[in-house]
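Below: one structure, written as structure tokens.
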């Protein structure tokens, strides 16, 4: 069962393509849009976070400062326990290994595992 | 993309739909979760373990289940989890029982440990997660798995090994070593005491 949170009209902010697969306990924080392309597979305990924080105030390091959208390209595969941070675009055919925190954009056909990344563009 | 879906009509379509929507539902597991859910978290470890063995899982004597682990899996789910005696399974553990998970004696699983037994084949760029692949996981006697570590399919953890918190283990761990990181690498060789285990 996916878990959803967010304020306002959250149902219009989530769009999922055809032939996608989501394993148990996917979490969508729908402060902004989350767009998932066709043929995307998502593992257990994956979180899509869209709420952003401002950290310039030393008295309170996490001040809510808005939101940023997430986009996942066609055919991508997101492993178990991955955390997708706000504003990230995961390219088409990208593969994200288990437990990775995706904080910046992932190019098309890139495989991420730990801190390493390998391009699958030449593979197939 | 030349992946085509066979088109069924009438009864055949209803049968396929019913199969797809109900495949992998275990009434016994639902009943077990409902009963074990009544027990307080962090408490009633022995009672919860007893409920799990009554439901059909193999759980050894004096093993503690501090909270109901999250379980999913295929047809052979109840025979796919074997836990030895004197183990402690902490809260929020996840067992993916598509294949066999064998946990030895005196093993401690810290909060949030995830043991996976199924993954996908790396497929074409239009659909990276291909056919499902299953492989068993084995945890040796006396091992200690740190909080929120993830054990990937096919891994075997040696006796007396320690897995650091938060690490992702993607290959076998030698006995009496400490591993950590993402992916986990060997950090230390631990001393083996001459005294026999309890």
- line: Heads up, region B:1-85 by the C-alpha gyration tensor (a ≥ b ≥ c square roots of eigenvalues; a/c under 1.5 rounded, else a/b over b/c prolate, else oblate) looks prolate
query: Any idea what angle helix B:45-55 forms with the longest principal axis of chain B, computed on alpha-carbon atoms, 0 to 90 degrees, nearest 10?
result: 40
query: Relative to the first principal axis of the alpha-carbon coordinates of chain B, what is the inclination of helix B:27-36, with its axis defined by its Cα atoms, in degrees from 0 to 90 and to the nearest 10?
result: 40
Rounded to 5, percent antiparallel among DSSP beta bridges of region A:10-108: 15
- prompt: Of all DSSP beta bridges in region B:64-198, what percent run antiparallel (nearest 5)?
  reply: 20
query: If you line up the long axis of helix B:10-22 against the longest principal axis of chain B, both from Cα atoms, how many degrees apart are they, to the nearest 10?
result: 10
- request: Could you list B:125, B:178 in order of exposure, starting from the residue whose Cβ has the fewest other Cβ atoms within 10 Å?
  value: B:178, B:125
task: Normalising by the residue count of chain B, find the relative contact order in percent from Cα pairs under 8 Å and 6+ residues apart.
output: 11
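Suppose only helical runs count, i.e. DSSP H with n ≥ 4. What mean residue ellipticity at 222 nm does that imply for the protein assembly as shown under -39500 (n - 2.57) per run, divided by all residues and rounded to the nearest 500 deg cm²/dmol?
Working: 3 runs with 34 residues, N = 322.
Taken over the protein assembly as shown, the calculation gives -3000 deg cm²/dmol.
With a cut-off of 8 Å between alpha carbons and a minimum separation of six or more residues, what is the relative contact order of region A:1-98 in percent? Write down the numbers at each step before the final one.
Numbers: 269 pairs, mean separation 23.5, N = 98.
With pairs under 8 Å counted, the relative contact order is 24 percent.
Which of the peptides B:72-85, B:26-39 is most tightly packed, and how do the rest follow, going by the mean number of other Cβ atoms within 10 Å of each residue? Intermediate values should be presented prior to the final figure.
On the way: B:72-85: 17.3, B:26-39: 13.9.
The most tightly packed comes first, giving B:72-85, B:26-39.
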statement: When A:54, B:96 are arranged by how many other beta-carbons sit within 10 Å of their Cβ, fewest first, they go A:54, B:96
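Give the shape of the protein assembly as shown as rounded, prolate or oblate, defined through the alpha-carbon gyration tensor: a ≥ b ≥ c are the square roots of its eigenvalues, a/c under 1.5 means rounded, and otherwise the shape is prolate if a/b is larger than b/c and oblate if not.
In terms of gyration-tensor shape, prolate.
Take every DSSP beta bridge with both residues inside the protein assembly as shown and express the antiparallel ones as a percent of the total, to the nearest 5. It would help to have the intermediate numbers written out before the result.
On the way: 16 of 72 bridges.
Roughly 20 percent of the DSSP beta bridges within the protein assembly as shown come out antiparallel.
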message: Roughly how far apart, in whole Å, are the Cα centres of region B:29-49 and region A:36-92?
response: 34
message: Taking each residue in B:114-120, count the Cβ atoms of any other chain within 10 Å of its Cβ, then average. What number comes out?
response: 4
- line: Reduced to Cα centres, the span from region B:79-155 to region A:6-24 in Å works out to 28
query: For residue A:65 and residue A:35, what is the calculated FRET efficiency with R₀ set at 22 Å and r taken between the beta-carbons, to the nearest 0.05?
result: 0.50
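Quick one: grab the alpha carbon gyration tensor of region B:48-198, order the square roots of its eigenvalues as a ≥ b ≥ c, and give me rounded if a/c is under 1.5, else prolate or oblate depending on whether a/b is larger than b/c. Intermediate results must be reported in sequence, preceding the final value.
Values: a/c = 2.02, a/b = 1.16, b/c = 1.75.
Since a/c reaches 1.5 but b/c is at least a/b, the shape of region B:48-198 is classed as oblate.
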statement: Least to most buried among A:77, B:11, B:144, by other C-beta atoms within 10 Å and fewest first, runs B:11, B:144, A:77
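Bear in mind these aren't lab numbers, they're just calculated from the coordinates by the rules spelled out. Remember, it's a predicted structure, so these values are computed and weren't measured experimentally. So basically every Cβ, Gly included, is an ideal-geometry build from the backbone, and we count neighbours across all protein chains shown.
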